[in-house]
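The next block holds one structure in the form of structure tokens; read it before the comments.
The values are calculated or read from the model by the stated rules, or taken from the named source; none is laboratory data. Remember, it's a predicted structure, so these values are computed and weren't measured experimentally. Positions of Cβ are generated from backbone atoms using ideal geometry, with glycine treated the same way; all protein chains shown enter the neighbour counts. Each accessible area value is taken on the protein alone, full model and side chains, heavy atoms only, with ligands, DNA and RNA left out. Shrake-Rupley method; radii C 1.70, N 1.55, O 1.52, S 1.80 Å.
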Amino acid sequence: MKNKVLFIVTAVVVFLLGMLASSIVNRKNEAKYKYVPKVDISENEPRNEEWGKNFPAEYQSFLQTAETDFASHQGGSAMRDVLHEDSRLVVLWAGYGFSKDYNQGRGHQYAIEDLRNSLRTGGPKGKGDGPMPATCWTCKSPDVPRLMNENGIAEFYSGKWADKGAEVVNPIGCADCHDSKTMKLKISRPALVEAFQEMGKDINQATHQEMRSLVCAQCHVEYYFDKKIPGKEGVPYLKFPWKNGMSVEAMEEYYDAIEFKDWTHKLSRAPMLKAQHPGYETYLTGVHADRGVSCADCHMPYKSEGGQKFTDHHIQSPLNNVANACQVCHREDADKLKQNVYERQKKAAENRIKLEDFIVKAHIEAKKAWDLGATEEQMKDILMDIRHAQWRWDYSAAAHGASFHSPVETARVLGSGFTIIQEGRIKLARLLSDLGHNKPVEMPDISTKEKAQEFIGLDVEKMKKDKAEFKENLVPKWLEEAKEREAGYDTKNVSMNN
């Protein structure tokens, strides 16, 4: 009986070992043949699905950026109307496109669709029409480096947004970050290379770990359109204001020195700066960057499937992937880690909203001063205080992850904004008194997005009507033209013997 039991146990062990050996062999074979190329990807191939034929695991994870079911305290992938959530923003951006429409960004799959849908891009009826320059496509598609390589950088930046609507159709993807032959990370946007050169740095010396953040920094940064470049006058050429450094003060000093403004505020007439999304700049001031953690480590962590380790291209909030993104380093419970993030974000938001209130009042008080006959000389210093205070507010708000990436720097920047705007409002109070107004300026009802937009004079219904006509009449033509063009792209199958 004892021998029989020993025989059965031995047989089971041998069977299990055989299964294990078979699994190991299969996994090794999967890993060996997983990336045998099926197609030859051309240098300017913008279609993500073509890259996906060679890299199916990465591509399948990339497709998950279409998911819109996660909303965190202040981010995530779900569509959110930010102006509806905070109607003060309408007044802060009066005279600028963001007062028309500002939605929480969804995943990279929606980069093209969301830009077409935004009221900020207007309702162009054809080439040469609409409020936005072609430069606004720069961070939205792998068609952008294709066009830059084919026609030149300055030519891409030239003209209107609608001029290139039929050319820019593929959402952010593979060719934005990878070399088509070696698959190494690469910089496909010239603005980042040029910014490094202006700082006296060579981006080609960046390490692989640094590149895992720099490919993100091509777009998740502060930028502006320079129309005064010698030889390219009038072309809204994309530049980063890093010549003096990346701090909020260094970039402000840069802008002030060249007398740059994004727009003139409709109420206060202040020469305004619009922070875009200085995520990279604020990330560099935080503890994760100091410890050598890259953007990809948290937003695109490694994962394994079929015996193959690869980078998860479901680019998303780490809070929706805590196990792979956070708990690799932090051993705390997932709920505890999320709570830590939310606590930082809520504290920063509390001060940011207070600062918003002060700046909104300053814009309205400045308008009152103009209405009472204030001169440009009397308003000059006041308007610069408004400009500098809102720049600091926007720097903290537009870098969506700043309150987590760098809570100390975010608090410092907001604190300096409070000081500046209060000094500006004291100057305003004195000026208003000199102009005969010795009581608080009456504030309008801007409690909803609709009321705020009506107060600054926006005709939202007309904008929506123009947008609907644009989507019905022009977008289908763009898509048909793009389909015909891409049908002529040369995609070569690769022999399995090569």
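For the range 308-325, the count of residues that are farther than 24 Å from ARG106 by Cα, of a type outside the set (Phe, Trp, Tyr) and assigned to a loop (DSSP other than H, G, I, E, B) is zero.
Table: residues versus (1) modelled with pLDDT under 95; (2) part of a helix (DSSP H, G or I).
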| position | (1), (2) |
| --- | --- |
| LEU238 | no, no |
| LYS243 | no, no |
| GLU249 | no, yes |
| TYR255 | no, yes |
| PHE260 | no, no |
| GLN276 | yes, no |
| VAL293 | no, no |
| LYS336 | no, yes |
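In the range 282-310, the qualifying residues are those that are among the polar types (S, T, N, Q), touching a residue at least 12 places away in the same chain (Cβ under 8 Å) and open to solvent by 30 Å² or more (accessible area, probe 1.4 Å), and the one that is nearest to THR410 (Cα to Cα) is THR285.
Taking the conditions (1) buried (at least 19 other Cβ atoms within 10 Å of the Cβ); (2) in contact with a Lys or Arg (Cβ under 8 Å, 6 or more places away or on another chain); (3) more than 24 Å from GLY173 (Cα to Cα) in turn, CYS139 satisfies each one other than (3).
If you check ALA411, ALA389, ALA369 for being in a helix (DSSP H, G or I), over 20 Å from HIS265 (Cβ atoms) and among the small types (Gly, Ala, Ser), only one passes: ALA411. Quick one: is GLU450 within 28 Å of the chain's Cα centre (by Cα), within 18 Å of VAL360 (Cα to Cα) and open to solvent by 30 Å² or more (accessible area, probe 1.4 Å)? Yes; evaluated as a whole, the condition is true for this residue. In the set (1) within 17 Å of the chain's Cα centre (by Cα); (2) at pLDDT 90 or above; (3) farther than 16 Å from SER447 by Cα, the condition left unmet by VAL82 is number (3).
Scan the range 100-116 for residues that are among the hydroxyl-bearing types (Ser, Thr, Tyr) and over 18 Å from the mean Cα position of the chain (by Cα) and report the count. So the answer is 0. LYS427 meets all of the listed conditions (1) part of a helix (DSSP H, G or I); (2) surrounded by 15 or more Cβ atoms within 10 Å (Cβ to Cβ); (3) under 26 Å from the mean Cα position of the chain (by Cα) but one, namely (3).
Within this structure, GLY128 passes the test of being under 19 Å from GLU167 (Cβ atoms) and either open to solvent by less than 20 Å² (accessible area, probe 1.4 Å) or small (Gly, Ala, Ser) (or both).
Scanning the range 165-187 for residues that are surrounded by 22 or more Cβ atoms within 10 Å (Cβ to Cβ) and not in a loop (DSSP other than H, G, I, E, B) gives CYS174, ALA175, ASP176. Among residues of the range 130-141 that are of a type in the set (Gly, Ala, Ser), those with a Cβ under 6 angstrom from a residue that is assigned to a loop (DSSP other than H, G, I, E, B), sequence gap 6+ or separate chain, pair up as GLY130/GLY122; GLY130/PRO124; ALA134/GLY159; SER141/VAL168; SER141/ASN170. Flag not set for VAL193, criterion: touching a helix residue (DSSP H, G or I) at 6+ places or on another chain (Cβ under 9 Å), of a type in the set (Val, Ile, Thr) and part of a loop (DSSP other than H, G, I, E, B). In the range 412-461, the residue that is modelled with the lowest pLDDT out of those that are among the polar types (S, T, N, Q) and farther than 19 Å from GLU356 by Cβ is ASN438. Annotation: of all residues in the range 233-281 being within 30 Å of LYS361 (Cα to Cα) and polar (S, T, N, Q), the one that is surrounded by the fewest Cβ atoms within 10 Å (Cβ to Cβ) is THR264. Among the residues making up the range 433-449, a single one is touching a helix residue (DSSP H, G or I) at 6+ places or on another chain (Cβ under 6 Å) and assigned to a helix (DSSP H, G or I): LYS449.
For GLY159, the requirement of being in contact with a strand residue (DSSP E or B) (Cβ under 8 Å, 6 or more places away or on another chain), modelled with pLDDT of 95 or more, open to solvent by 20 Å² or more (accessible area, probe 1.4 Å) and farther than 23 Å from ALA468 by Cβ is met.
Among residues of the range 195-232 being hydrophobic (A, V, I, L, M, F, W, C), open to solvent by 10 Å² or more (accessible area, probe 1.4 Å) and closer than 25 Å to GLU249 by Cβ, the one that is nearest to the chain's Cα centre (by Cα) is CYS219. When we screen SER42, SER61 for residues that are small (Gly, Ala, Ser), surrounded by 15 or more Cβ atoms within 10 Å (Cβ to Cβ) and under 16 Å from TYR489 (Cα atoms), the only hit is SER42.
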